[in-house]
Amino acid sequence: MAVAAQESALGTTGSGKDINNPFGWGPAKPFSSWTEGIDTVAAGLAKGYLAEGRDTIAGIQAKWAPVGAANDPNGLNSNWTTGVSKFYAELGGTPGGSIRI
């Protein structure tokens, strides 16, 4: 949820709202429903991030939204960890620790 809040204000801004992808997954991969989008991203996080030991917000950012990425010409990725951490804390998480539950 914290990633969706950072990427698209929970699916209310950007292209994500029209393609059921509030996470920026793909990037901008369309899904047939919000449920399909959420399920796909949850499975993708488990397999492509947590299984690789990326269980902190900063660890996820290094792959999800790397600073200096070619698809980030305005440098927005430099704010990703801070933004996701803020939303994660609002949801009751501990931003500096593992996201595993």
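The values are calculated or read from the model by the stated rules, or taken from the named source; none is laboratory data. All of these numbers come straight from a predicted model, not from anything done at the bench. What goes into the accessible areas is simple: the full protein's heavy atoms, side chains included, and nothing from ligands, DNA or RNA. Shrake-Rupley method; radii C 1.70, N 1.55, O 1.52, S 1.80 Å.
Of note:
- Percent accessible area from carbon and sulfur atoms, the chain, protein chains only, probe 1.4 Å: 58 percent
- Projected-area mean, the chain, by convex hull of Cα positions, square nanometres: 6.1 nm²
- Expected 222 nm ellipticity per residue - DSSP helices of 4 or more, -39500 (n - 2.57), all of the chain, to 500: -12500 deg cm²/dmol
- Based on C-alpha pairs under 8 angstrom that are at least 6 apart in sequence, the chain has a relative contact order of 24 percent.
- Difference of contour (0.36 nm per residue) and Cα-Cα distance, Asp72 to Lys29: 13.8 nm
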